[in-house]
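The values are calculated or read from the model by the stated rules, or taken from the named source; none is laboratory data. Bear in mind the structure is a predicted one, so any value in this text is a computation, not a measurement. Neighbour counts are summed over all protein chains in view; Cβ atoms, including those assigned to glycine, are modelled from backbone coordinates with ideal geometry.
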Amino acid sequence: MLLVIDAGNTNVTLGLYREDSLIAEWRLLTDRSGTVEKYGTDIRQLFSEAALTVEDVDGISIASVVPSINDTLRDIGEQLFQVKPLFVDHQTDTGLKIKYDPLSALGVDRIVDAFAAVTKYGAPCVVVDFGTATTFNVVNTQREFLGGAIAPGLLISAEALFSRTAQLPRVEIARPEKAIGSSTAQSMQSGIYYGYAGLVDGILERMIGELNDRPKVVATGGLATVMAGSSRFIETIDVTLTLEGLRLLYARSEKRNDGAAG
């Protein structure tokens, strides 16, 4: 089985594939000072609760935007699973021409998202990833990754409002029934939700205009299901897009290695 790991600033998301089927998915809090032993204990517990063993894993594919834990993740692969992980990076063959400067500044998760979206849905496409930051990732008809946009994530934006105002309460981040709130809590929900929805569609509208072509717009990330319904442009929600991209890139790498060996 294949273990895929998406190491983000807030969570480390793990997915376990049996062939092309995702059979388990877990999230751990990203701990930049976490040891191999600590992460290993947590992962063993997750496998045990799912009636699985680490010996079932014969491949690992990793995308990380947290460099400080890369060595830990590599050691977990080699020590816990007895597998040398594939780390997706800016040199990984994705079949996309990446037009970004400098290339090393591009988050690996954005590359994985773009590759997965083009593979699954075709080009042109735009991926909106609702994570710690919200990223917009654009691929044109020629399968060129053009870049995109990075905005403060919805939770970051809401937290700034909660923490910097003395008299405003914390509210659930959810789509309100109406934009005109009749209480402080409802007004905050409206401002947070519809304000962010306006940000998303405002950026998408400009990007689509610059492309001069109508792309497939895909939403992914933890808050995709919360926000996508308010968008005039988002057509598809694919919350496991990054994990799927890691699986597809691992398969692509294995195929290339088999071809080279032959």
Search result, residues across segment 6-23 that are closer than 14 Å to D58 by Cα and buried (at least 21 other Cβ atoms within 10 Å of the Cβ): G15, L16, Y17
Restricting segment 112-123 to residues that are crowded, with 24+ Cβ neighbours inside 10 Å and not acidic (D, E), the residue that is nearest to G229 (Cα to Cα): A117
Sole exception among (1) of a type outside the set (D, E, K, R); (2) under 19 Å from V12 (Cβ atoms); (3) more than 18 Å from the chain's Cα centre (by Cα) for P102, by number: (2)
Failed condition for G222, given (1) at pLDDT below 95; (2) farther than 19 Å from I150 by Cα: (2)
Test: residue in segment 53-68 that is in contact (Cβ under 8 Å) with a residue 40 or more places away in the chain, surrounded by fewer than 17 Cβ atoms within 10 Å (Cβ to Cβ) and assigned to a helix (DSSP H, G or I): yes
Residue match in segment 206-215 (condition: surrounded by 18 or more Cβ atoms within 10 Å (Cβ to Cβ), in a helix (DSSP H, G or I), in contact with a helix residue (DSSP H, G or I) (Cβ under 9 Å, 6 or more places away or on another chain) and not acidic (D, E)): no
Qualifying residue in segment 166-182 (condition: surrounded by 18 or more Cβ atoms within 10 Å (Cβ to Cβ) and in contact (Cβ under 8 Å) with a residue 24 or more places away in the chain): no
Residue match in segment 235-244 (condition: at pLDDT 95 or above, of a type in the set (D, E) and either touching a helix residue (DSSP H, G or I) at 6+ places or on another chain (Cβ under 6 Å) or farther than 30 Å from Q142 by Cβ (or both)): yes
Residue match in segment 36-47 (condition: crowded, with 17+ Cβ neighbours inside 10 Å, not in a helix (DSSP H, G or I) and not aromatic (F, W, Y)): no
Pick from segment 113-133, criterion of a type in the set (S, T, Y) and under 17 Å from A63 (Cβ atoms), ranking: modelled with the lowest pLDDT: T132
Filtered residue count, segment 70-79, keeping only those that are in contact with a Gly (Cβ under 8 Å, 6 or more places away or on another chain) and either crowded, with 19+ Cβ neighbours inside 10 Å or assigned to a loop (DSSP other than H, G, I, E, B) (or both): 2
